[in-house]
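*Asks:* Supplied in C-alpha cells, the structure appears directly below.
The values are calculated or read from the model by the stated rules, or taken from the named source; none is laboratory data. Nothing here was measured: the structure is a model prediction, and the numbers come from that model. Counting neighbours? That spans all protein chains shown, and the Cβs are built from the backbone with ideal geometry, glycine included. To get the accessible areas, we keep the full protein, side chains included, count just its heavy atoms, and leave off ligands, DNA and RNA. Shrake-Rupley method; radii C 1.70, N 1.55, O 1.52, S 1.80 Å.
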Amino acid sequence: MLSQELVDSLFPSELPAPGHWARRYPPRELPSGAEVTRFAPSPTGWLHIGGVFTASVDQDIAHHSGGVYLVRIEDTDQSRFDPEAASQFEAAFDYFGIGPDEGGETGGYGPYAQSERGQIYLTYVRELMRQGKAYPCFETKEQGEARVARQRATGALPGYYGEWAIWRDAGEEEVRERLAVGAPYVVRFRSPGAGGRRVSFTDEIRGEITQDDNRNDVVILKSSDQPLRLPTYHFAHAVDDHLMRVTLVIRGEEWLSSVPLHHQLFDALGFPRIPYAHVAPLMKQDGGSRRKLSKRRDPEASVGYYIEQGIPVEAVQYYLRGLANGRLAEMPLPEALATPLRLSEFGVAGPLLDLVKLDDICADFVSTLPGAEILDRVLPWADGYDPDLASVLRAERDLALRALAVEREGTDNPRKDLRRWAEFRPVYGFFFPEIFEPVTDPADPRFGGLDPDMVRVIGSGFADGYKPLDPGPAWFEQVRELSARLGFAPSNKEYRKNPDAYPGSIADVSQVIRVLLTGSRRSPDLGQVCAAIGESEVLRRARALS
C-alpha cells in the first residue's frame with residue numbers, strides 16, 4: 001500500500017474531501033416511494049430508438065412515483081465525442097417528449113455532463129488509493145498486447161488480475177522511480193473478487209441472477225498523459241448515481257455482465273448499492289432470424305429517422321409502451337399513454353420492432369385527428385424537411401383543409417392513407433395546383449392502354465359537360481352520361497359479355513378522369529376531389545391533354 005504522501009502528490013492539493021461532495025449533493029427531499037431515475041446517453045450522434053425506449057421508461061416510473069427523472073451526458077470517452085450530439089439530443093428529447101426534470105443547466109445536482117465533473121471523480125479516486133483499494137499501473141501498450149498474447153497462448157482467462165496484474169503489489173520505491181521519469185500511468189481498481197467465486201443479486205426485471213464475481217483490476221482513471229483526466233464509465237457512473245441520489249438504474253442488458261464489478265465499486269466507495277433493471281434490446285426480424293436493431297444497418301434504429309419522416313410521436317410512444325408491457329397494447333392510445341408502466345411486466349427477450357405494425361398504428365392515430373391539427377403538425381415538419389410544401393400549405397390553408405376533409409369528415413371510416421408527415425406530399429400533393437403536374441400525354445400508361453384519341457375525347461367531353469355539383473350520385477351522373485354518349489358499356493360485367501361491342505366500360509372512363517384530375521389510378525372519391533379543388537382547376541386539368 002502506497003503512503004498517503006505519495007498518493008496525495010498525484011492529485012491537486014486543493015482537491016476537496018469526500019465530505020465536501022456529500023454536503024454539496026445532499027439526499028433529496030422526496031415522498032416515500034419516489035424514484036429518482038436517470039437516462040445517461042453517450043454523445044456519439046443520434047440516439048438509438050432503444051434509448052428513447054429506455055428514457056421513456058425512466059421518465060414514466062419517476063413521474064408516476066412522484067420522483068425525479070434526470071439526463072446525464074456520459075462523455076468521458078472524448079475520442080467518440082460528436083460535437084453535434086447536444087443539438088441532436090435536444091431535438092430527440094423535444095420530439096419524443098422525454099425532456100428531463102434535471103439536466104443541462106436545470107437542477108441542483110449538476111453538472112450533468114461527466115466531462116465537467118472531473119474534480120469530483122478525482123476526490124474519490126484519491127480516496128480509494130489512500131485506502132489501498134486502487135493503485136497506479138504503468139503497463140505500456142506493448143506490454144498489454146504481450147500479456148494478452150500470453151494469456152491466449154496459455155489458455156488463461158483474459159484480463160488484468162492475479163499474476164498478470166504486475167503493478168498490483170508494486171513497492172513504493174518502484175512507483176516513485178516510474179513517476180520520476182514521467183512514465184504515464186492509469187489508476188486501476190484493486191478488485192476484491194477471486195476467480196471461481198459466484199455472486200447473486202436481484203434485477204428489478206429479471207429477478208435473482210447469479211454470476212461470476214469480477215476479478216479484474218479494471219481501469220478507473222484514464223492515462224495521466226491525457227489533457228483532460230477523466231474516469232472510465234464504470235467508476236464515473238457509481239460516483240454520479242450516488243451523488244445525484246439515483247434510486248433506480250434502468251439500462252440496457254449489455255450492462256448486465258458488469259453488475260458484479262459495479263457492486264464492488266459501490267462497496268469500495270462506501271455507497272449503498274442501487275437497484276438495477278436491465279431492459280432487453282429492441283430486435284428486428286431479418287429473414288428467418290431475429291437480431292438486435294442496429295444503427296449501422298437499420299435506418300429506423302436512429303431517432304433521426306422518426307424525426308425526418310415525421311412519424312407521429314404519440315404513435316411511437318404507444319407502440320413502445322406496448323412492447324414494454326403487453327397489456328398496454330390492448331388499450332386505446334390515450335389510456336395506454338396515461339397508464340403506468342410496470343417493471344415486473346417487462347420481458348427478458350428483446351421485443352420485435354415491426355415498422356409495418358407501427359405504420360398501422362400511425363394510420364389509425366392520424367385518422368382520429370381533425371384536419372386543422374394534421375395541418376398544424378405537418379407545417380413544422382415541412383419547415384425543416386420540405387420548405388416548398390410549407391410555403392404552399394401556408395398560402396393555400398383553406399384548400400389544405402378541404403383536401404384533408406375528403407373521406408375523413410362526416411364518415412365512420414375515415415381514410416387511413418396518411419401515416420407520417422413525409423407522406424403528405426405524395427398523398428395530398430395533387431390537390432394543390434402549385435404541386436400537381438397536369439397529365440398532357442394521351443398515351444400516358446396511367447390510362448391503361450386506352451386509345452389516345454379516345455382519351456382526348458373523354459377529357460374534353462368531361463370538361464365541356466362538367467357541372468360543379470355536390471359529391472354523390474348526382475355528380476357521378478355526368479360521368480355516366482358521358483360514358484353512354486361515347487358508347488362505353490355501363491358496367492364491367494356488360495363489357496365482359498360483349499367486349500367487341502364497346503371501346504371499354506364506364507370504369508375506363510372514370511379511370512381517365514381520375515388520372516386527369518389526380519395523376520393517379522387510385523384516389524379518394526372524385527366528386528369530393530372536384531369539390532375541394534374547385535371548378536376552374538377541374539377544367540384546367542381535364543383540358544390539359546395535348
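*Asks:* Just the accessible area for D417, please: 1.4 Å probe, Å², rounded to the nearest 10?
*Replies:* 60 Å²
*Asks:* Same structure, new question: Helix 233-243 sits at what angle to the longest principal axis of the chain, using alpha carbons and giving 0 to 90 degrees rounded to 10?
*Replies:* 90 degrees
*Asks:* Considering the values (i) -0.23, -0.85, -1.00; (ii) -0.19, -0.81, -0.99; (iii) -0.35, -0.90, -1.02, which represents log10 I(q)/I(0) by the Debye sum over Cα atoms at q = 0.05, 0.10, 0.11 Å⁻¹ as calculated for the structure under consideration?
*Replies:* Calculated log10 I(q)/I(0) by the Debye sum over Cα atoms at q = 0.05, 0.10, 0.11 Å⁻¹: the matching label is (iii).
*Asks:* Any chance you could run the full-extension gain for Q151 through L179? It's 0.36 nm times the residue separation minus the Cα-Cα distance, nm to one decimal.
*Replies:* On the way: separation 28, 0.36 × 28 = 10.08 nm, distance 2.80 nm.
That pair, Q151 and L179, stretches by 7.3 nm at full extension.
*Asks:* Send over a whole-number figure in Å² for the accessible area per residue of the chain, probe 1.4 Å.
*Replies:* Here the per-residue accessible area is 46 Å².
*Asks:* Determine which residues of segment 256-298 fall in the zone a paramagnetic label at D360 would reach in this model, i.e. backbone nitrogen under 16 Å from the point 7 Å along Cα→Cβ.
*Replies:* The answer is 285, whose backbone nitrogens lie closer than 16 Å to the label point.
*Asks:* Quick check: pseudo-label points 7 Å beyond the Cα along Cα→Cβ at R327 and E208, how many nm apart are they?
*Replies:* 2.6 nm
*Asks:* While we're looking at this one, here's another question. So how do 355-363, 216-224 stack up, highest first, on mean other-Cβ count within 10 Å?
*Replies:* Averaged packing, sorted descending, gives the order 216-224, 355-363.
*Asks:* I want to check a number: in the chain, how many lysine pairs have alpha carbons closer than 14 Å, given a sequence separation of 8 or more or different chains?
*Replies:* Going through the chain pair by pair, I get 5.
*Asks:* Compute the distance in nm between two label points, each set 7 Å from the Cα along the Cα-to-Cβ direction, one at T440 and one at R496.
*Replies:* 3.9 nm
*Asks:* With a ≥ b ≥ c the root eigenvalues of the C-alpha gyration tensor of segment 12-104, is it rounded (a/c under 1.5), prolate (a/b larger than b/c) or oblate? Before the final figure, lay out the partial values.
*Replies:* Working: a/c = 2.82, a/b = 1.12, b/c = 2.53.
Oblate, since a/c reaches 1.5 and b/c is not below a/b.
*Asks:* Can you order the peptides 425-435, 497-507 by their average number of other Cβ atoms within 10 Å per residue, highest first?
*Replies:* Put in order of decreasing packing, that is 425-435, 497-507.
*Asks:* Relative to the first principal axis of the alpha-carbon coordinates of the chain, what is the inclination of helix 371-385, with its axis defined by its Cα atoms, in degrees from 0 to 90 and to the nearest 10?
*Replies:* Between helix and principal axis, roughly 60 degrees.
*Asks:* Carbon-plus-sulfur fraction of the accessible area of the chain, 1.4 Å probe, in percent?
*Replies:* Of all accessible area on the chain, carbon and sulfur atoms account for 50 percent.
*Asks:* Okay, next question. Among DSSP beta bridges whose residues both lie in the chain, state the antiparallel percentage, nearest 5. Working shown, then result.
*Replies:* Working: 19 of 31 bridges.
Counting DSSP beta bridges with both partners in the chain, the antiparallel share is about 60 percent.
*Asks:* With a cut-off of at most 14 other beta carbons within 10 Å, and DSSP calling the residue loop, which GluC sites (Glu not before Pro) in segment 1-42 qualify? Please list them.
*Replies:* Filter output for segment 1-42: E14, E29.
*Asks:* With an 8 Å cut-off on Cα pairs and a minimum separation of 6 or more residues, tell me the relative contact order of the chain in percent.
*Replies:* Averaging sequence separation for qualifying contacts and normalising by length gives 11 percent for the chain.
*Asks:* Here's something else I'd like to know. Helix 473-485 against the longest principal axis of the chain: what's the angle in degrees, Cα atoms only, rounded to the nearest 10?
*Replies:* 60 degrees
*Asks:* While we're here: Where in segment 261-279 is the amide nitrogen less than 17 Å from a point lying 7 Å along the Cα-to-Cβ axis of R130?
*Replies:* Output list for this probe position: 268-271.
*Asks:* Additional query: Taking the Cβ-Cβ separation of R168 and R297 as r and a Förster radius of 60 Å, what is the calculated FRET efficiency to the nearest 0.05?
*Replies:* Calculated value: 0.90.
*Asks:* Starting from the Kirkwood Rh over alpha-carbon pairs, what translational D in µm² s⁻¹ does segment 56-97 have by Stokes-Einstein at 37 °C and 0.692 mPa s?
*Replies:* 272 µm²/s
*Asks:* Sticking with this one: Pop a pseudo-label 7 angstrom from the Cα along the beta-carbon direction at both Y305 and H64 and give the gap in nm to one decimal.
*Replies:* In this crude spin-label approximation the distance works out to 2.7 nm.
*Asks:* Next up: Please list 144-150, 41-47 highest first by mean number of surrounding beta-carbon atoms within 10 Å per residue. Could you put the intermediate results ahead of the total?
*Replies:* On the way: 144-150: 12.7, 41-47: 20.0.
Listed from highest to lowest mean packing, they are 41-47, 144-150.
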